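Let me begin by presenting the structure, written as structure tokens, before commenting on it.
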Amino acid sequence: MYQEIMLALKNASTDNSAITVFTGTGDYYCSGNDLTNFTSATGGMEEAAEKGAVVLREFVNSFIDFPKPLVAVVNGPAVGISVTLLGLFDAVYASDKATFHTPFSHLGQSPEGCSSYLFPKIMGPAKATEMLLFGKKLTAREACAQGLVTEVFPDSTFEKEIWTRLKAYAKLPPNSMRISKQLIRKNEKEKLHAVNAEECTTLKERWLSEECINAIMSFMSRKSKL
């Protein structure tokens, strides 16, 4: 899935579209990584962790480097990296049924998607700590109040309102939007790449730790009993 998204971003960066939109289908925006990948790794955990860290770094870099306006349309609950990546989007619109959850500590892991740097900037250190360390789940309105979400819409009118707005945005001069995004983002690009590299290195170490492996196995065991 990561490879497919990277390919989609690469294609979108050079096509005739003015903006690029991410959204979910069904009830969820994204339910996070498939944790069975950790319990069914082939070739040994060290090799899997190394490959995973490389793919994750490339994946996040593709969002950092994306040249067009990038918009998230969060139609429902969002978990894990789908939440942490939101700091790299240019606008985030959410249904009032959406929630935002980063349960990294519960799984023995650490932040990703440049959230260790961007979330304290966006919402302040105390609120970022609640999310990234303690796994507090935010409602859409809480996420909006803390600056992670641009605007919240009633779920009953969400699809109609948001796509009407995005179609209007898509008619704006595309080169002007590209240049404006470049001006807004360029001073942080180098920092974001450095943060991403450090987060991926740390995550690789966490994935190989006994604490992380036990936490994931415990989670999978609880899930199988539901």
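Here, each number is a calculation from the coordinates, and none is a lab measurement. Bear in mind the structure is a predicted one, so any value in this text is a computation, not a measurement. For neighbour counting, all protein chains shown are included, and Cβ atoms are generated from backbone atoms with ideal geometry for every residue, glycine included.
Residue pairs exceeding 20 angstrom between C-alpha atoms, taken from Lys137/Lys167; Lys121/Lys186; Lys10/Lys97: Lys137/Lys167; Lys10/Lys97.
Charges were assigned to the Cβ only: +1 to each Lys and Arg, -1 to each Asp and Glu. The resulting dipole of the chain about its Cα centre is roughly 640 debye.
Look at Met220, Met177, Met131 and count the other Cβ atoms within 10 Å of each Cβ; fewest to most, that gives Met220, Met177, Met131.
If I take every Cα pair under 8 Å that is 6 or more residues apart in region 48-195, average their sequence separation and divide by the length, what percent do I get for the relative contact order? Contact order relative to length: 26 percent.
Show me the helices of the chain, taken as full DSSP H stretches, that run 15 Å or more along their long axis by Cα and average -1.0 or above in Kyte-Doolittle hydropathy.
Details: long enough: 2-14 (19 Å, 0.03); 45-64 (28 Å, 0.34); 158-169 (16 Å, -0.78); 174-207 (42 Å, -1.19); 210-224 (21 Å, -0.09).
Those that clear 15 Å and a mean of -1.0 are 2-14, 45-64, 158-169, 210-224.
Work out the FRET efficiency for Lys181 and Thr129 from their Cβ-Cβ distance, taking R0 = 30 Å, and round it to the nearest 0.05.
Values: r = 29 Å, r/R0 = 0.97.
Efficiency at R0 = 30 Å is approximately 0.55.
Could you give the longest part of the chain that holds none of the trypsin sites (Lys or Arg not before Pro) found in DSSP loops with at most 12 neighbouring Cβ atoms within 10 Å? By the stated rule (loop sites, at most 12 other Cβ atoms within 10 Å), 1-170.
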